[in-house]
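Visitor: Take this structure first; my questions come after.
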Amino acid sequence: MKIRPRKLLCVLMSLLLCLPLAGLFGAAGEEPLTVFVASDLHYRPPGMLAPIGEQTGLPGDPLYWHTNIQGQLEYESDAIVNEMLRRFESSPAKALLIPGDLADSHIGYHLALAEKFRLFERRTGKKIFVINGNHDVKDNADGFTTDLARFKAAYAGCGYSEALAADPGSASYTADLGGGYRLLAVDSCVYGTSDGEINAQRLAWIESQVAAAKTDGVKLIGMMHHSILEHFKIQGLVADTVKDYRALAERFAGWGIKVVLTGHKHANDITCAVSASGARIYDIETNCLINYPNTYRVINFSDNEIQVTSGYIDRIDLADLPPGYNGAQLELLANDFPAFSYGYFKAAMQRYVNEYAGTPRKLAGSLNIREGTPAYEALAAVMGVLGGALSLPLYDTAGTPAIDSVEEIAAAGGENIAASGYARFSDLVALIVSRMFAGDENTPYEAPEVQLLLQAVKAGLVYAILNIPDASASALFAGLGVPGAALKPGRAAYAAAAKLLFAKTAANKILAAAVKPLVEGITVDSFSPADLNVTLEGYAASGAVCEHGDPLSGPQVLLDYLNRFLNLLLSLMAALAAPGA
Ligand SMILES: [Ca+2]
Ligand SMILES: [Ca+2]
């Protein structure tokens, strides 16, 4: 075929015209972008903390008497944040992205953290971008709280002063990250609550930014505090995702926002979904920095691939700690920070069980029951028993004849519990929750730890049934069809009650089958891809549909629910068909 010179000229002209546009659209050969991500700092300036010696979190514990209930290393937070900044400084990343819960809403905490960030940026030339979480912004009713205006002013140097666009009605903004990528920082908070929602006004603002990004030829990386996809199978049912998350994720995916960086649930998890039009979206959630296992992410964006690697704060500089630690604590903090961090978390779970399951304070508050009333007394009695039930030692270490351990209650019901290195119910809770926080969790229902946890729950129920005050107990026993004589918690009563829960009856098998998918929703990673070190599809790639992703649009969503329900039914039928049912 003969090529006419005029046609050739046309082709050459078109190519030349396209060249500058190719640059704008970040075509192949664009410098890759590397970002550093840390979330949920819950920062406490050491100077604003009460002396550590005055803490009474877990009296008598030699290492963790200062624990709080969430397992957040408050006294160590300054040291952890400093170490995280050193890691960021020595990483190839030019920007640190923080998806919310920078500090509880006291303005003093925020100003101290913002000043630390300002000095860091000035010294290193690297950039820090933040967005608010549910703990950050509230009404400034007492004069010390951080409201929206104060938040934006405090973090002017962390996104707001260099924003390309900012939503006047929220903390949302956009800022260029380089490499053809633009940060879309989205305020997903309903101030003063832990709820996540993007109302119509905020969504309209986001849509205007999507149009602007298209005009400018840049790709949007989302960052917001709340989950935009489910991270475990019942999360969408128990809330804590952003409201109407499937519809919102569908829109984000359709707008070409392939990655949304989130925090809030304090876990490392990555979930994927595909929109009706085939567009893929990832929710990359990062662990609370001051909670075990103290994770941060380094994410590299190139056209075809997004590489996620996870790192851990596994040492701190003791010089950054406030005074008041004992020798044993300092030794462990210096030699094995992860062990200190895990021990602190375990202690926090123990404190949680002691305080919240054992006293009516929190429940009474939410039920509007006032202290000193008969209702409060009744609740206190019940909660005291429940606290006792969950504090039962797993094994009969005391060697007393009284039935006062999980081991003895299970034995009364004809079940032996396996030997283990765990001492308390709270140790098992700490293990399961910490594995979920760590990510890539894979503890199946049949694993000894899960079975032990379930046995402890059953034994706790037996203990509670037998020890709650008579009036409530009578009603319960009548309902369960246990003879009235069992009201006194003697050996016979334990045997009768324990057999109800531990015996291999058809009813118990059905119960176990129903519980299994709920338990594994927490103990096994619910959705691909993997949570920690993984290569994802880049913005310019359009690969295969992700396995086990969270479906987003109409019929798929219904199928997903139907599928979950069918799985439950099948497990129930399998349980009934098993020998001995
Ligand atoms: Ca996952
Ligand atoms: Ca997971």
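Values quoted throughout were computed directly from the atomic coordinates according to the rules given, and no laboratory measurement underlies them. As the structure is a prediction and not an experimental result, all values here were calculated from the model. Virtual Cβ from ideal backbone geometry, glycine too; neighbours counted across all protein chains shown.
Visitor: Indicate, rounded to the nearest 5 percent, the antiparallel portion of the DSSP beta bridges found entirely in segment 29-329.
Guide: Working: 27 of 50 bridges.
Restricted to segment 29-329, the bridges split so that about 55 percent are antiparallel.
Visitor: Would you mind calculating the relative contact order of the chain from Cα pairs under 8 angstrom and at least 6 residues apart, reporting the percent as a whole number?
Guide: So the answer I get is 15 percent.
Visitor: Hull surface divided by four, with the convex hull built on the Cα atoms of segment 302-456: how many nm²?
Guide: 16.3 nm²
Visitor: Now, a different point. When the Karplus curve 6.51 cos²θ - 1.76 cosθ + 1.60 is applied with θ = phi - 60°, which whole-Hz ³J(HN,Hα) does each residue of segment 453-462 get, with x for Gly and Pro?
Guide: 4, 5, 5, 5, 5, 4, 4, x, 5, 4
Visitor: Can you work out ³J(HN,Hα) from phi for every residue in segment 71-79, in order, using Karplus 6.51 cos²θ - 1.76 cosθ + 1.60 and θ = phi - 60°, giving whole Hz and x for Gly and Pro?
Guide: Rounded to whole hertz, the list is x, 8, 7, 5, 5, 9, 4, 5, 5.
Visitor: With equal scatterers on the alpha carbons only and no solvent term, can you work out the Debye log10 of I(q)/I(0) for segment 374-455 at 0.10, 0.27 1/Å?
Guide: One equal scatterer on each Cα of segment 374-455 leads to -0.32, -1.29.
Visitor: Still on this structure, please answer the following. Using DSSP, restrict attention to beta bridges with both residues in the chain and report what percent are antiparallel, rounded to the nearest 5.
Guide: 60 percent
Visitor: Treating cross-link reach as a plain straight distance, find the aspartates and glutamates whose alpha-carbon is under 19 Å from the alpha-carbon of K138, omitting any fewer than eight places away in the same chain.
Guide: Straight-distance partners of K138: D40, D101, D104, D147, D167, D187, D195, E197, D240.
Visitor: Specify which residue in the list S310, Y292, L73 is farthest towards the positive end of the charge dipole of segment 29-329, using unit charges on the beta carbon of Lys, Arg (+1) and Asp, Glu (-1), about the Cα centre.
Guide: So the residue we want is S310.
Visitor: Let me ask you something else. I need the GluC sites (Glu not before Pro) found in segment 386-474, filtered to DSSP loop residues with at most 10 other beta carbons within 10 Å of theirs.
Guide: Loop-located and lightly packed - E446.
Visitor: For T34, enumerate residues with amide H under 5 Å from its amide H, sequence gap 5+ or separate chain, H modeled in the peptide plane.
Guide: Amide H to amide H, under 5 Å and 5 or more residues apart or across chains, T34 pairs with K94, F301.
Visitor: List the lysines whose Cα lies under 24 Å from the Cα of K499, skipping any in the same chain that are fewer than 8 positions away.
Guide: By straight Cα distance, K499 reaches K458, K488, K509, K516.
Visitor: At 222 nm, what helix-only mean residue ellipticity would the chain give, in deg cm²/dmol to the nearest 500, using -39500 (n - 2.57) for each DSSP H run of four or more?
Guide: Values: 17 runs with 241 residues, N = 581.
Roughly -13500 deg cm²/dmol at 222 nm, from the helical runs in the chain.
Visitor: Could you give the semi-axes, largest first, of the ellipsoid that matches the chain, computed as the square roots of 5 times the alpha carbon gyration tensor eigenvalues and rounded to whole Å? Don't skip to the answer; put the middle values down first.
Guide: Working: eigenvalues 469, 183, 92 Å².
Largest first, the chain gives 48, 30, 21 Å.
Visitor: Over all alpha-carbon pairs in segment 29-329, figure out the percentage whose distance exceeds 27 Å.
Guide: 39 percent
Visitor: Can you give the local net charge around A410? Use residues other than it whose beta-carbon is closer than 12 angstrom to its beta-carbon, Lys and Arg +1, Asp and Glu -1.
Guide: Details: positive: K458, K499; negative: D396, E407, E408, E415.
After counting each charged neighbour, the total is -2.
Visitor: Next up: Starting from the amide H of D101, placed 1.01 Å from N in the peptide plane, find each other amide H under 5 Å away whose residue is 5 or more places distant or on another chain.
Guide: So D101 has HN proximity to G133, N134, H135, D136.
Visitor: Beyond 28 Å between alpha-carbons counts as too far, so tell me which of K126/K258; K265/K362; K116/K258; K116/K233 fall in that bin.
Guide: Long pairs (Cα-Cα over 28 Å): K116/K258; K116/K233.
Visitor: Name the residues whose placed amide hydrogens come within less than 5 Å of the amide hydrogen of V190, ignoring near sequence neighbours (fewer than 5 apart) on the same chain.
Guide: D195, E197
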